[in-house]
Amino acid sequence: MNPLLKHITLTSASALTTAKIGGAVWTLRPSSAGELAFFVSELERAGVKYMPVGGGSNLIVSDRPKTVAVSTSAFNLVEASGRKIYAGAGARLSEIMRTAEKNGLSGVEFWAGIPATFGGAVKMNAGAFSSETMDKVIYIDVLTGGKVKRLWKGGINYGYRHTDIDGIILGGAIALEPSSTDTIRQKTREYLEKRRQTQPAGKSAGSVFKKAGAVGAGKYLDLAGLKGKRFGGAVVSEKHAGFFLNDKGATFEDFRRLADYAADKVWQKFGVKLEKEVVYFE
């Protein structure tokens, strides 16, 4: 009998992701780096595809996924020391922000309203309002080749919504600056208000496409007349065309057809090739 069978469970896409699209996912929830290494070793030995999953805020799950989700939820330590905070991969950005505010540390207010975990934010170099996660990173701890390795920022190649980090992120340290609680709270409120004014509420995976050069994908999608375009339960937001909403029970195929259609329309109209920011979990 495969030793993973007693550890693996089925998790609904609604519980695993913010878009709440797709079928149930076989999920492993390691409680330590050692257990994670064991799970990964067994999955690789069996030839089973897997993916680390944190907050699932950029994932669109297929209706019958074959990939196993390896949850980082147990790696949720958040600890401040001087001007630094160490956060586990599964720590919510909101929890890191609360710890920063409590300790009078500023620099991650731009995370306000992003429903992600630290590991995902690092891997995708999540950003907003001209700031990016990697701007703050000192080092990242990863599991690679069955061993824990520390990657210093200088050894990581990164850019817009991208890092070359190989392996599974366990956690890492960020550097912040001292500030008053009132100033931190004010910045956070301002960013939240900007999001409220420009981004839709509802079930989504955030921005579907990356920026195309200096221009946001939402601008091209808007100019292509795609606001309100629908395939089944997936619809382009009327408020911000860069967001596709799960409205009335969207399926994976609804979402994929809409994304393909939208990208094709932008290509036809502007000659601009859009690159997905969301990740398909299949």
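Where a number appears in this text, it was derived from the coordinates with a stated rule and is not lab data. Here the structure is a predicted model, which is why all the values come from computation and not from measurement. Cβ sites come from the backbone with ideal geometry, for glycine too, and all protein chains shown count toward neighbours.
In angstrom, the C-alpha Rg and Dmax of the chain are 19.2, 57. In this structure, A201 and K149 have a Cβ-Cβ separation that, at R0 = 41 Å, corresponds to a calculated FRET efficiency of about 0.55. Look at H162, H7, H240 and count the other Cβ atoms within 10 Å of each Cβ; fewest to most, that gives H162, H7, H240. Close amide-amide hydrogen proximity is noted between K203 and N246, each under 5 Å apart and 5 or more residues distant or on a separate chain (H modeled in the peptide plane; Pro and chain starts excluded). Model label points for F270 and E35, set 7 angstrom from Cα along the Cα-to-Cβ axis, are 4.6 nm apart. Candidate cross-link partners of K49 among the aspartates and glutamates, defined by an alpha-carbon separation under 13 Å and a same-chain spacing of 8 or more, comprise E282. Any chance you could check the Cα centroid distance between region 235-282 and region 7-69 for me, in angstrom? About 24 Å separates the Cα centre of region 235-282 from the one of region 7-69. Normalising by residue count, region 131-231 has a Cα convex hull of 178 Å³ per residue. The magnitude of the dipole of the chain, with charges of +1 and -1 set on the Cβ of Lys/Arg and Asp/Glu and taken from the Cα centre, is near 380 debye. Note that region 33-188 carries a Kirkwood radius of 16.1 Å, evaluated over its alpha carbons pair by pair. For region 144-157, the Karplus equation 6.51 cos²θ - 1.76 cosθ + 1.60, evaluated at θ = phi - 60°, returns couplings of 9, x, x, 10, 7, 10, 9, 10, 7, 3, x, x, 10, 8 Hz by residue, with Gly and Pro reported as x. Counting only DSSP H runs of at least 4 residues, each contributing -39500 (n - 2.57), and dividing by the residue count of the chain, the helix-based mean residue ellipticity at 222 nm comes to -8500 deg cm²/dmol. Put in order of Cβ neighbour count within 10 Å, fewest first, the listed residues W26, W111 become W26, W111. Packing around the peptides 91-101, 72-82, 142-152, 115-125, taken as the average count of other Cβ atoms within 10 Å per residue, puts them in this order, highest first: 115-125, 91-101, 72-82, 142-152. Per the Debye calculation on region 206-282 with a single equal scatterer at every Cα and no solvent contribution, log₁₀ I(q)/I(0) for q = 0.20, 0.25 Å⁻¹ amounts to -0.77, -1.21. Projecting label points 7 angstrom from Cα along Cα→Cβ for A214 and E238 puts them 3.3 nm apart. Couplings for region 16-28, taken from phi via the Karplus curve 6.51 cos²θ - 1.76 cosθ + 1.60 with θ = phi - 60°, read 9, 9, 7, 6, 6, 10, x, x, 5, 10, 5, 10, 10 Hz in order; Gly and Pro are left as x. Residue ranges 206-218, 259-271 sort as 206-218, 259-271 when ordered by packing (mean number of other C-beta atoms within 10 Å per residue, highest first).
Region 1-116 has equivalent-ellipsoid semi-axes of 30, 18, 9 Å, by the square roots of 5 times the alpha carbon gyration tensor eigenvalues, sorted largest first.
With the charge dipole of the chain set up from +1 on Lys and Arg Cβ and -1 on Asp and Glu Cβ about the Cα centre, the Cα lying farthest toward the positive end among the listed residues G155, S71, A24 is that of A24. Binning the alpha carbon pair distances of region 9-71 at 5 angstrom intervals from zero yields the distribution 4, 19, 29, 23, 15, 8, 1, expressed in whole percent. The phi-based Karplus calculation (6.51 cos²θ - 1.76 cosθ + 1.60; θ = phi - 60°) puts the 3J(HN,Hα) values of region 217-226 at 4, x, 5, 5, 5, 5, 5, 7, x, 8 Hz, whole numbers, x for Gly and Pro. In terms of distances greater than 26 angstrom between alpha carbons, the cross-link table entries K187/K265; K149/K273; K153/K210; K149/K187; K102/K203; K153/K239 yield K187/K265; K149/K273; K149/K187; K102/K203; K153/K239.
Placing a label point 7 Å from the Cα of H7 along the Cα-to-Cβ direction, no residue of region 268-282 has its backbone N under 12 Å from that point.
Here's the list of aspartates and glutamates a cross-link from K147 could span, going by alpha-carbon distance under 13 Å and ignoring same-chain residues fewer than 8 apart: E35, D166. Taking every alpha-carbon pair in region 80-156 and binning the separations at 10 Å intervals from zero gives 18, 54, 25, 3 percent.
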